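Only one structure is covered here, and it is reproduced in the block below.
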Ligand SMILES: Cc1cc2nc3c(=O)[nH]c(=O)nc-3n(C[C@H](O)[C@H](O)[C@H](O)COP(=O)(O)OP(=O)(O)OC[C@H]3O[C@@H](n4cnc5c(N)ncnc54)[C@H](O)[C@@H]3O)c2cc1C
């Protein structure tokens with residue numbers, strides 16, 4: 001095949017979460033070349049941060065691992081990590097894209113032996129665990145990171161210690177002198193799969209996230225439950241390490257609210273039900289309370305809801321709490337509001353409160369598409385069917401099964417768009 005034809009048959013996929021990964025492997029496995037661009041050092045997106053998946057309550061790592069194997073075994077996929085698309089020009093079948101690749105400061109020959117991290121004396125807040133613990137300035141993002149190569153924080157690379165690691169690396173992979181590069185690539189179609197970020201809980205001021213130590217969020221709770229998380233999976237509270245035996249979840253914290261995210265993220269009810277099972281499995285005597293407006297467990301997830309509802313250790317209160325106060329003696333959060341069904345006011349004290357915050361598209365903020373004619377809906381999701389295709393949570397809030405279905409389907413749309421010229 002001539003080079004220009006090959007370019008026309010290349011699909012650019014932006015975002016290496018479960019959605020982008022799925023589109024990339026599906027398109028490559030039917031013969032198309034794929035350029036997969038991920039802004040972080042490793043693939044997997046938010047799914048890599050989850051402890052278990054609803055409804056099966058299995059670990060997400062096996063699903064991710066299967067996709068990493070498919071990607072690794074397919075020479076048609078070219079992966080760029082720490083990279084972002086800066087500019088897009090052209091039309092279906094013939095796009096030119098400019099990509100900025102940030103330095104990793106560690107070459108691909110790295111075997112992830114960990115000798116450099118052992119020698120590194122600089123600790124930084126761990127972004128993978130939402131800053132709830134610290135990690136080394138040279139590291140892999142997490143235990144199951146793919147590609148399995150370390151990276152170095154840019155600030156650390158400037159310091160003297162980084163240079164001392166060069167001779168320490170058994171395979172000579174460390175290079176603090178690496179610089180950013182700009183690439184120009186020809187592709188035939190583009191799929192935006194940049195996913196979501198947790199809604200900033202501190203914006204929901206009456207609930208005191210950021211002010212009260214024992215008010216957390218659903219994504220932080222995923223990391224707390226994880227054996228590779230900040231507490232090695234022990235469900236303890238931040239203020240004093242006490243085991244969490246009495247916990248409340250507040251649904252729609254900043255969702256279905258015109259002051260915050262006006263839409264429903266679809267997964268938060270299920271996520272809290274799933275997280276209630278984490279607590280009940282670890283501490284069978286623990287009490288869980290879920291405050292909700294109405295419960296949404298669509299389609300086949302009703303069975304999962306019924307299973308969780310059958311647990312006598314979980315209390316369901318139809319109410320949107322008005323506010324949270326903190327008991328100064330115990331640092332217990334006190335949830336205050338009125339029960340919608342009984343009209344009775346309550347002020348209940350808990351060890352920990354988890355805010356079930358929703359999903360905000362990255363395309364609303366950090367991952368805008370640098371191309372003309374791209375349509376966004378009123379919330380910043382990339383509208384499907386534009387010149388740049390979209391999938392997964394870049395297009396709409398979805399669970400993983402929905403994201404995988406949408407991303408398999410968009411691979412076909414991308415192939416069609418590529419064929420406009422190829
Ligand atoms: C608390 C909680 C629990 C959940 N639990 C479950 C569950 O148990 N089961 C389930 O089915 N679903 C669950 N979900 C939903 C699940 O997280 C999503 O369905 C899934 O993350 C969607 O994947 P994605 O690839 O579309 O987005 P993401 O996972 O967000 O991946 C997007 C990728 O794009 C990258 N990216 C972002 N911007 C750029 C850019 N500018 N350039 C290049 N790359 C970029 C990101 O780094 C990331 O790797 C849960 C959600 C929440 C909030």
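The values are calculated or read from the model by the stated rules, or taken from the named source; none is laboratory data. From a predicted model like this one, the values you see are computed outputs, not experimental measurements. Using ideal geometry, Cβ is built from the backbone for each residue, glycine included, and neighbour counts are taken over all protein chains shown.
For the stretch 134-153, which residues satisfy the criterion of being surrounded by fewer than 15 Cβ atoms within 10 Å (Cβ to Cβ) and not in a strand (DSSP E or B)? Walk me through it before giving the result.
In the first step, residues of the stretch 134-153 are kept if they are surrounded by fewer than 15 Cβ atoms within 10 Å (Cβ to Cβ); the result is 134, 143, 148.
Selection gives 143, 148.
Kindly establish whether residue 86 is at pLDDT 95 or above and exposed (fewer than 15 other Cβ atoms within 10 Å of the Cβ). Outline the logic, then answer.
Details: at pLDDT 95 or above: yes; exposed (fewer than 15 other Cβ atoms within 10 Å of the Cβ): yes.
Yes.
Any residue in the stretch 384-402 that's closer than 17 Å to residue 50 by Cα and in contact (Cβ under 8 Å) with a residue 24 or more places away in the chain: show its pairings with residues that are in a helix (DSSP H, G or I) and near the ligand (Cβ under 8 Å from one of its atoms) at Cβ separation under 6 Å, as long as the two are six or more apart or on different chains.
392/19; 392/403; 392/407; 400/18
Answer with yes or no whether residue 103 is under 29 Å from residue 177 (Cα atoms) and not in a strand (DSSP E or B).
On the way: under 29 Å from residue 177 (Cα atoms): yes; not in a strand (DSSP E or B): yes.
Taking the combined requirement at face value, the residue satisfies it.
Determine, yes or no, whether residue 223 is closer than 27 Å to residue 351 by Cα and in contact with a helix residue (DSSP H, G or I) (Cβ under 6 Å, 6 or more places away or on another chain).
Numbers: closer than 27 Å to residue 351 by Cα: yes; in contact with a helix residue (DSSP H, G or I) (Cβ under 6 Å, 6 or more places away or on another chain): yes.
Answer is yes for this residue.
Mind counting the residues in the stretch 396-417 that are within 8 Å of the ligand (Cβ to nearest atom) and over 14 Å from the mean Cα position of the chain (by Cα)?
Number of matching residues: 3.
Is one or more of the residues making up the stretch 3-15 buried (at least 19 other Cβ atoms within 10 Å of the Cβ), closer than 30 Å to residue 270 by Cβ and touching a strand residue (DSSP E or B) at 6+ places or on another chain (Cβ under 6 Å)? Let's see the steps before the verdict.
Taking the stretch 3-15 as the starting set, the residues that turn out to be buried (at least 19 other Cβ atoms within 10 Å of the Cβ) are 7-15.
Cutting the leftovers down to closer than 30 Å to residue 270 by Cβ gives us 13-15.
With the extra rule that they be touching a strand residue (DSSP E or B) at 6+ places or on another chain (Cβ under 6 Å), the set shrinks to 13-14.
Scanning the stretch 3-15 turns up at least one residue that is buried (at least 19 other Cβ atoms within 10 Å of the Cβ), closer than 30 Å to residue 270 by Cβ and touching a strand residue (DSSP E or B) at 6+ places or on another chain (Cβ under 6 Å).
Could you grab me the full set of residues in the stretch 244-260 that are surrounded by fewer than 23 Cβ atoms within 10 Å (Cβ to Cβ) and under 15 Å from residue 197 (Cα atoms)?
To start, the set of residues in the stretch 244-260 that are surrounded by fewer than 23 Cβ atoms within 10 Å (Cβ to Cβ) comprises 245-246, 256-260.
Residue satisfying the conditions is 260 alone.
For the stretch 1-73, please list each of the helices (runs of 4 or more DSSP H) lying entirely inside it that holds at least 1 residues being within 15 Å of the ligand (Cβ to nearest atom) and modelled with pLDDT of 95 or more. Working first, answer last.
Details: elements: 3-8, 18-29, 61-72.
Passing ranges, in order: 18-29, 61-72.
Suppose the filter is within 25 Å of residue 359 (Cβ to Cβ), in contact with a strand residue (DSSP E or B) (Cβ under 6 Å, 6 or more places away or on another chain), within 13 Å of the ligand (Cβ to nearest atom) and assigned to a strand (DSSP E or B); does residue 97 pass it? Show your work before the answer.
Numbers: within 25 Å of residue 359 (Cβ to Cβ): no; in contact with a strand residue (DSSP E or B) (Cβ under 6 Å, 6 or more places away or on another chain): yes; within 13 Å of the ligand (Cβ to nearest atom): yes; assigned to a strand (DSSP E or B): yes.
Against the criterion (within 25 Å of residue 359 (Cβ to Cβ), in contact with a strand residue (DSSP E or B) (Cβ under 6 Å, 6 or more places away or on another chain), within 13 Å of the ligand (Cβ to nearest atom) and assigned to a strand (DSSP E or B)), residue 97 does not qualify.
Being more than 16 Å from the ligand (Cβ to nearest atom), surrounded by 14 or more Cβ atoms within 10 Å (Cβ to Cβ) and either closer than 25 Å to residue 210 by Cα or not assigned by TED's automatic domain parsing to the domain that holds residue 397 (or both) is the requirement here; does residue 336 meet it?
Values: more than 16 Å from the ligand (Cβ to nearest atom): yes; surrounded by 14 or more Cβ atoms within 10 Å (Cβ to Cβ): yes; either closer than 25 Å to residue 210 by Cα or not assigned by TED's automatic domain parsing to the domain that holds residue 397 (or both): yes.
Answer is yes for this residue.
What residue, among those in the stretch 275-306 that are part of a helix (DSSP H, G or I), in contact with a strand residue (DSSP E or B) (Cβ under 8 Å, 6 or more places away or on another chain) and within 15 Å of the ligand (Cβ to nearest atom), is farthest from residue 232 (Cα to Cα)? Write out each step before concluding.
Step one: filter the stretch 275-306 for residues part of a helix (DSSP H, G or I), giving 275-282, 299-306.
Next, only the ones that are in contact with a strand residue (DSSP E or B) (Cβ under 8 Å, 6 or more places away or on another chain) stay: 275-276, 279-280.
Then drop every residue that is not within 15 Å of the ligand (Cβ to nearest atom), which leaves 275-276, 279.
Numbers: 275: 16, 276: 18, 279: 14 Å.
My answer is 276.
How about the stretch 340-422: which strands (runs of 3 or more DSSP E) wholly inside it have at least 3 residues that are surrounded by fewer than 19 Cβ atoms within 10 Å (Cβ to Cβ)?
345-349
Cβ-Cβ under 9 Å, sequence separation 6+ or interchain: first residue in the stretch 14-30 and more than 17 Å from residue 194 (Cβ to Cβ), partner part of a helix (DSSP H, G or I) and modelled with pLDDT under 95. Which pairs?
Short answer, once both residue conditions are applied: 27/418.
Considering only the stretch 172-180, I want to know if a residue exists there that is surrounded by 18 or more Cβ atoms within 10 Å (Cβ to Cβ), in a strand (DSSP E or B) and either touching a residue at least 40 places away in the same chain (Cβ under 8 Å) or within 16 Å of the ligand (Cβ to nearest atom) (or both).
Yes, because at least one residue in the stretch 172-180 is surrounded by 18 or more Cβ atoms within 10 Å (Cβ to Cβ), in a strand (DSSP E or B) and either touching a residue at least 40 places away in the same chain (Cβ under 8 Å) or within 16 Å of the ligand (Cβ to nearest atom) (or both).
Please tell me if residue 335 is more than 30 Å from residue 12 (Cα to Cα) and either free of Cβ contacts under 8 Å to residues at least 12 places away in the same chain or in contact with a helix residue (DSSP H, G or I) (Cβ under 6 Å, 6 or more places away or on another chain) (or both). Before you say what the answer is, go through the steps one by one.
Numbers: more than 30 Å from residue 12 (Cα to Cα): yes; either free of Cβ contacts under 8 Å to residues at least 12 places away in the same chain or in contact with a helix residue (DSSP H, G or I) (Cβ under 6 Å, 6 or more places away or on another chain) (or both): no.
Judged against the criteria, residue 335 is not a match.
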